[in-house]
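The values are calculated or read from the model by the stated rules, or taken from the named source; none is laboratory data. Please read all numbers here as calculations on a predicted model, not as lab measurements. Don't worry about glycine lacking a Cβ; one is built from the backbone with ideal geometry, like all the others, and counts go over all protein chains shown. The accessibility values were calculated without ligands, DNA or RNA, using every heavy atom of the protein model including side chains. Shrake-Rupley method; radii C 1.70, N 1.55, O 1.52, S 1.80 Å.
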Amino acid sequence: MSQTITLTVAQAVVRFLARQYSERDGVQHRLIEGCFGIFGHGNIAGIGQALMQADLERNRGAEGDPEVDVDHGTLRYFQCRNEQAMVHTAVGFSRMRNRLQTLACTTSVGPGATNMVTGAALATINRIPVLLLPGDVFATRASGTVLQQLESPRGYDTSVNDTLRPVSVFFDRVWRPEQLGSVLLGAMRALTDPVNTGAVTVALPQDVQAQAWDWPAELFDARVWHVARPLPEVSVLREAVAAIRASERPLIVAGGGVSYSEATEALRELAEATGIPVAETQAGKGSLAWDHPQSVGAIGATGSTAANALAAEADLVVGIGTRWSDFTTASMSAFGDPAVRFVNINVAALDGHKLSGLSVVADAREALEALTTELVGWRADAAYTHRASDLAGVWDSAVTAAYDLGGDLGGDLGAAPLQSQVIGAVNDMSGPRDVVVCAAGSMPGDLQKMWRTSDAKGYQVEYGYSCMGYEIAGGLGVKMAAPDREVIVMVGDGSYLMMAQELVTAVQEGIKLVVVIVQNHGFASIGALSKTVGVPGFGTIYRYRSDTGRLDGDILPVDLAANAASLGAEVLHADTLGELRQCLSQALAATRTTVVHVECDLSTGSPSSRSWWDVPVAEVSTHPVTRTARTAYEQQKSSQRGHLAPFAQFRPLRSPNPGPEGGLN
Ligand SMILES: Cc1ncc(C[n+]2csc(CCOP(=O)(O)OP(=O)(O)O)c2C)c(N)n1
Ligand SMILES: [Mg+2]
């Protein structure tokens, strides 16, 4: 008889998760470092009880109790304020740890569970593993309609948790204890699969969580999940090499996959060996140090003029670990050469085939190293490489001007700063290993254009989902993953108002963040966009409703500094550029979470990318401004390309056994 261990389903989940490891390049890590949670009736008696027991066990282990398996540790519980936010925290953590480690999130049934839908979508869209453990309605249904239960007349097995299905890469519900082993193994497989990872959801009916079962002891043996580095197919790699050798104006576009695969060194070596310039997406920013001679900065709608000029004329674009979002391709208008072709190195075929590219399905580092070997002796034309550096130099001058750092201390120290000056001051005063975090508003674009990233992990801007409210919660996860670095969260007033409550968690856990709140009394980003789409300013400034019946009264008296102080953070306020620099230096030196509050104008002062983003304008309107915007839109729209031409020319098939007519009929 094999040995069994009697535990509740929830206790089994916690015990199992504490013994899971990921491994890549021979290095092992705890896969699940801890569990965030907010308790309700759907999880307090199940997962809550199991986490409490684990907490007590850890303490007993620390005190030397030989019965506690201290080798594998237990799952530490973290409290937070909002279920969406805890998923963001898990994403920030996992992204910073190159997707090799993550956090679990437990919720009650109903609203607690559905609060995670946005976080799950963000995780899946960014391809970042997070483990979600929502409580679910009774499996037995013994108590009838349970509090917060959705009752669908189409079938009683539907619960609100089903909203997590489309945003999860793996979703399962443990109706019976017997299912748990296979469900957990499936969940771990999905978390450690670099091709198709994201939100992994294991829904746990509240009665099943508390149910006891005799588990085979081997379920809880320590388990190591290998994170694969798939090799490129030889024939496909050969085709990629031939395409690069034949190109005259090649351009590399580095995406997030470069960082997750820890391929930044391999990228630098390829770039230096071949002279190919390197542009970066939002997720790929930091792949090459900003001042490397071959770095041409960000590409696309919020890119540098250097990268965008090179994209416009490139005959071959090598995308590495990019999902080719519309911001990167400038809504398919960035690449202007009619004969441009794409080589897409990606672990996921989904991305590899985009833009009719040659899909090199492979780990980024493996593929880059193979390319460097195969391309020995070949270099892009020196004049082209120099031109790329020159273009990058012109862009850097534009950034320096926008930073307006001037003299020793910078800019007009007595004036209210522009956002570009805020970014300049933060960049200037932060250290090379410090990390900037952002997600939505006008700052991600401005940061992508202007932030000077020295360290591969120094730029953590979430722009797959660009989710307002990610910033502080995500920054918390980044800092938990990299406690030895300063983490600077840049957050607009709109995003802050949507989700600032995790400042409380930072204070509770003694985790130090520097949070820079840029208060411009509205949505600078959408305000600017609204003008280009013929809806000037509508609904984008925080104003009272006036006698006109519209939102055109005085600016609302919102005091975000007071708000942040009320949540337990240290708060510093800056009215001028000089004060901002003083506040930043104080915040960076502080040991507690410190918020720097600065008032800025809605216009941000950032240089133009000379690019485009497709946001459709009303085709008919009674408003002349909208009609003018439509005309401009139609003009831009004509620059959009389909990129449908096949990568390689078709070669007529040769049948091995031609019939009398030379083929089948
Ligand atoms: C959850 C969510 N809702 C709506 C949007 C659309 N949106 C993008 S930016 C933005 C305004 C952000 O305002 P703020 O944080 O003040 O930054 P600013 O634009 O002023 O720089 C909005 C509403 C979004 N990205 N996320
Ligand atoms: Mg704002």
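Take the conditions open to solvent by 20 Å² or more (accessible area, probe 1.4 Å), over 28 Å from ASN427 (Cβ atoms) and modelled with pLDDT of 95 or more and apply them to ARG323. Does it pass?
Working: open to solvent by 20 Å² or more (accessible area, probe 1.4 Å): yes; over 28 Å from ASN427 (Cβ atoms): no; modelled with pLDDT of 95 or more: yes.
So ARG323 does not fit the description; no.
For THR385, state whether it is of a type in the set (S, T, N, Q), at pLDDT 95 or above and part of a helix (DSSP H, G or I). Break it down stepwise before answering.
Numbers: of a type in the set (S, T, N, Q): yes; at pLDDT 95 or above: yes; part of a helix (DSSP H, G or I): yes.
Yes; evaluated as a whole, the condition is true for this residue.
Residues that are of a type in the set (Lys, Arg), within 16 Å of ligand 2 (Cβ to nearest atom) and more than 24 Å from the chain's Cα centre (by Cα): does segment 570-582 have at least one?
Step one: list which residues in segment 570-582 are of a type in the set (Lys, Arg), which gives 581.
When the remaining residues are screened for being within 16 Å of ligand 2 (Cβ to nearest atom), the result is none.
No, because not a single residue in segment 570-582 is of a type in the set (Lys, Arg), within 16 Å of ligand 2 (Cβ to nearest atom) and more than 24 Å from the chain's Cα centre (by Cα).
Every residue in segment 97-123 that is touching a strand residue (DSSP E or B) at 6+ places or on another chain (Cβ under 6 Å) and either under 14 Å from ARG81 (Cα atoms) or within 16 Å of ligand 1 (Cβ to nearest atom) (or both), please.
Of everything in segment 97-123, those that are touching a strand residue (DSSP E or B) at 6+ places or on another chain (Cβ under 6 Å) and either under 14 Å from ARG81 (Cα atoms) or within 16 Å of ligand 1 (Cβ to nearest atom) (or both) turn out to be CYS105, THR106, THR107, SER108, ALA113, MET116, ALA120, ALA123.
Select from segment 463-488 the residues that are assigned to a strand (DSSP E or B) and either free of Cβ contacts under 8 Å to residues at least 60 places away in the same chain or of a type in the set (S, T, N, Q) (or both) and list them in ascending order.
Filtering segment 463-488 down to residues assigned to a strand (DSSP E or B) leaves 487-488.
The one that is assigned to a strand (DSSP E or B) and either free of Cβ contacts under 8 Å to residues at least 60 places away in the same chain or of a type in the set (S, T, N, Q) (or both): VAL487.
Tell me yes or no: at least one residue of segment 535-545 is more than 15 Å from ligand 1 (Cβ to nearest atom) and without any contact (Cβ under 8 Å) to a residue 40 or more places away in the chain. Outline the logic, then answer.
Within segment 535-545, the subset more than 15 Å from ligand 1 (Cβ to nearest atom) is 536, 544-545.
Now drop any that are not without any contact (Cβ under 8 Å) to a residue 40 or more places away in the chain, which leaves 544-545.
Checked against the condition, which is being more than 15 Å from ligand 1 (Cβ to nearest atom) and without any contact (Cβ under 8 Å) to a residue 40 or more places away in the chain, segment 535-545 yields at least one hit.
Would you say ALA367 is among the hydrophobic types (A, V, I, L, M, F, W, C), open to solvent by 10 Å² or more (accessible area, probe 1.4 Å) and either more than 16 Å from ligand 2 (Cβ to nearest atom) or not in a loop (DSSP other than H, G, I, E, B) (or both)? Quick ask: steps written out before the conclusion?
Numbers: among the hydrophobic types (A, V, I, L, M, F, W, C): yes; open to solvent by 10 Å² or more (accessible area, probe 1.4 Å): no; either more than 16 Å from ligand 2 (Cβ to nearest atom) or not in a loop (DSSP other than H, G, I, E, B) (or both): yes.
No; evaluated as a whole, the condition is false for this residue.
Conditions (1) on the phi > 0 side of the Ramachandran plot; (2) at pLDDT 95 or above; (3) within 16 Å of ligand 2 (Cβ to nearest atom), marked per residue:
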residue	(1), (2), (3)
TRP395	no, yes, no
ASP404	yes, no, no
GLY414	no, no, no
ILE423	no, yes, yes
SER430	no, yes, no
VAL435	no, yes, no
CYS438	no, yes, yes
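Is it the case that ARG627 is out of contact with any Phe, Trp or Tyr (no Cβ under 8 Å at 6 or more places or on another chain), over 22 Å from PHE523 (Cβ atoms) and not in a loop (DSSP other than H, G, I, E, B)? Talk me through it step by step, then tell me what you get.
Numbers: out of contact with any Phe, Trp or Tyr (no Cβ under 8 Å at 6 or more places or on another chain): yes; over 22 Å from PHE523 (Cβ atoms): yes; not in a loop (DSSP other than H, G, I, E, B): yes.
Judged against the criteria, ARG627 is a match.
Give segment 546-564 a look and list any residue that's free of Cβ contacts under 8 Å to residues at least 24 places away in the same chain and under 16 Å from TYR496 (Cβ atoms), or say none. Break it down stepwise before answering.
So the first thing to find is which residues in segment 546-564 are free of Cβ contacts under 8 Å to residues at least 24 places away in the same chain, and the list is 546-554, 557, 559, 562.
Matches in segment 546-564: PRO557, ASP559, ALA562.
Can you tell which of GLY605, GLY568 is within 16 Å of ligand 1 (Cβ to nearest atom), at positive phi and surrounded by 12 or more Cβ atoms within 10 Å (Cβ to Cβ)?
On the way: GLY568 fails: within 16 Å of ligand 1 (Cβ to nearest atom).
Answer to the selection: GLY605.
Every residue, every condition in (1) among the polar types (S, T, N, Q); (2) touching a strand residue (DSSP E or B) at 6+ places or on another chain (Cβ under 9 Å), yes or no:
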{"site": "ALA569", "(1), (2)": "no, yes"}
{"site": "VAL595", "(1), (2)": "no, yes"}
{"site": "SER609", "(1), (2)": "yes, yes"}
{"site": "GLU619", "(1), (2)": "no, no"}
{"site": "GLN635", "(1), (2)": "yes, no"}
{"site": "PRO652", "(1), (2)": "no, no"}
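Return yes when VAL489 is more than 9 Å from ligand 2 (Cβ to nearest atom), crowded, with 23+ Cβ neighbours inside 10 Å, under 19 Å from the mean Cα position of the chain (by Cα) and of a type outside the set (S, T, N, Q) and no when it is not. Walk me through it before giving the result.
Numbers: more than 9 Å from ligand 2 (Cβ to nearest atom): yes; crowded, with 23+ Cβ neighbours inside 10 Å: yes; under 19 Å from the mean Cα position of the chain (by Cα): yes; of a type outside the set (S, T, N, Q): yes.
In short, yes.
With the requirement that a residue be open to solvent by less than 10 Å² (accessible area, probe 1.4 Å) and touching a Lys or Arg at 6+ places or on another chain (Cβ under 6 Å), what does segment 449-465 give you?
Of everything in segment 449-465, those that are open to solvent by less than 10 Å² (accessible area, probe 1.4 Å) and touching a Lys or Arg at 6+ places or on another chain (Cβ under 6 Å) turn out to be THR453, TYR459.
Can you tell me which of LEU529, LEU503 is more than 14 Å from ligand 1 (Cβ to nearest atom) and open to solvent by less than 60 Å² (accessible area, probe 1.4 Å)? I'd like the intermediate steps shown before the answer.
On the way: LEU529 fails: more than 14 Å from ligand 1 (Cβ to nearest atom).
Answer to the check: LEU503.
If we scan segment 156-178, do we find a residue that is at pLDDT below 95, in contact with a strand residue (DSSP E or B) (Cβ under 9 Å, 6 or more places away or on another chain) and closer than 18 Å to VAL137 by Cβ? Show your work before the answer.
Within segment 156-178, the subset at pLDDT below 95 is 156-158.
Within this subset, residues satisfying the condition of being in contact with a strand residue (DSSP E or B) (Cβ under 9 Å, 6 or more places away or on another chain) are 157.
Still in the list and also closer than 18 Å to VAL137 by Cβ: 157.
Taking every residue of segment 156-178 in turn, at least one turns out to be at pLDDT below 95, in contact with a strand residue (DSSP E or B) (Cβ under 9 Å, 6 or more places away or on another chain) and closer than 18 Å to VAL137 by Cβ.
Listed here are the residues, each with its yes/no results for (1) within 34 Å of the chain's Cα centre (by Cα); (2) modelled with pLDDT under 95.
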{"site": "THR594", "(1), (2)": "yes, no"}
{"site": "LEU602", "(1), (2)": "yes, yes"}
{"site": "SER606", "(1), (2)": "yes, yes"}
{"site": "ASP614", "(1), (2)": "yes, no"}
{"site": "HIS643", "(1), (2)": "yes, no"}
{"site": "PRO656", "(1), (2)": "no, yes"}
{"site": "GLY662", "(1), (2)": "no, yes"}
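Restricting segment 94-152 to residues that are free of Cβ contacts under 8 Å to residues at least 24 places away in the same chain and either within 16 Å of ligand 2 (Cβ to nearest atom) or within 20 Å of ALA10 (Cβ to Cβ) (or both), which is least open to solvent (accessible area, probe 1.4 Å)?
SER143
In segment 506-526, how many are within 14 Å of ligand 1 (Cβ to nearest atom), among the hydrophobic types (A, V, I, L, M, F, W, C) and open to solvent by 30 Å² or more (accessible area, probe 1.4 Å)? Let's see the steps before the verdict.
Initially, segment 506-526 is screened for residues within 14 Å of ligand 1 (Cβ to nearest atom), giving 515-526.
Retained after the next criterion (residues that are among the hydrophobic types (A, V, I, L, M, F, W, C)): 515-518, 523-524, 526.
Those left that are additionally open to solvent by 30 Å² or more (accessible area, probe 1.4 Å): 523, 526.
Counting residues in segment 506-526 that are within 14 Å of ligand 1 (Cβ to nearest atom), among the hydrophobic types (A, V, I, L, M, F, W, C) and open to solvent by 30 Å² or more (accessible area, probe 1.4 Å) gives 2.
Conditions (1) open to solvent by less than 20 Å² (accessible area, probe 1.4 Å); (2) in contact with a Leu (Cβ under 7 Å, 6 or more places away or on another chain); (3) in a strand (DSSP E or B), marked per residue:
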{"residue": "GLY284", "(1), (2), (3)": "yes, no, no"}
{"residue": "VAL296", "(1), (2), (3)": "yes, yes, yes"}
{"residue": "ALA307", "(1), (2), (3)": "yes, no, no"}
{"residue": "LEU310", "(1), (2), (3)": "yes, yes, no"}
{"residue": "SER331", "(1), (2), (3)": "yes, no, no"}
{"residue": "PHE335", "(1), (2), (3)": "yes, no, no"}
{"residue": "VAL343", "(1), (2), (3)": "yes, yes, yes"}
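One residue is enough: does segment 423-432 have a residue meeting the conditions over 31 Å from the mean Cα position of the chain (by Cα) and among the hydrophobic types (A, V, I, L, M, F, W, C)?
Looking only at segment 423-432, we keep the residues that are over 31 Å from the mean Cα position of the chain (by Cα), and these are none.
Checking segment 423-432: not a single residue is over 31 Å from the mean Cα position of the chain (by Cα) and among the hydrophobic types (A, V, I, L, M, F, W, C).
Enumerate the pairs (first residue in segment 205-227 and over 30 Å from GLY144 (Cα atoms); second residue anywhere and of a type in the set (D, E, K, R) and open to solvent by 60 Å² or more (accessible area, probe 1.4 Å)) with beta-carbon separation below 6 Å, excluding pairs fewer than 6 apart on the same chain, so at least 6 apart or on different chains.
Close Cβ pairs (under 6 Å, with a partner that is of a type in the set (D, E, K, R) and open to solvent by 60 Å² or more (accessible area, probe 1.4 Å)) amount to PHE220/ARG15.
Please find, among TYR459, TYR470, the residue that is under 12 Å from the mean Cα position of the chain (by Cα) and within 15 Å of ligand 1 (Cβ to nearest atom).
Numbers: TYR459 fails: within 15 Å of ligand 1 (Cβ to nearest atom).
Result of the check over TYR459, TYR470: TYR470.
Quick grid of which residues meet (1) surrounded by 15 or more Cβ atoms within 10 Å (Cβ to Cβ); (2) assigned to a helix (DSSP H, G or I); (3) of a type in the set (Asp, Glu):
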{"position": "VAL202", "(1), (2), (3)": "yes, no, no"}
{"position": "VAL208", "(1), (2), (3)": "yes, yes, no"}
{"position": "GLU218", "(1), (2), (3)": "no, yes, yes"}
{"position": "TRP225", "(1), (2), (3)": "yes, no, no"}
{"position": "ALA240", "(1), (2), (3)": "yes, yes, no"}
{"position": "GLU248", "(1), (2), (3)": "no, no, yes"}
{"position": "VAL253", "(1), (2), (3)": "yes, no, no"}
{"position": "GLY257", "(1), (2), (3)": "yes, yes, no"}
{"position": "GLU262", "(1), (2), (3)": "yes, no, yes"}
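Which of the residues belonging to segment 532-541 are open to solvent by 40 Å² or more (accessible area, probe 1.4 Å), farther than 23 Å from GLN421 by Cα and within 16 Å of ligand 2 (Cβ to nearest atom)?
Of segment 532-541, the ones open to solvent by 40 Å² or more (accessible area, probe 1.4 Å) are 532, 535-536, 538-539, 541.
Narrowing further to those that are farther than 23 Å from GLN421 by Cα: 532, 535-536, 538-539.
Residues satisfying the conditions are PHE538, GLY539.
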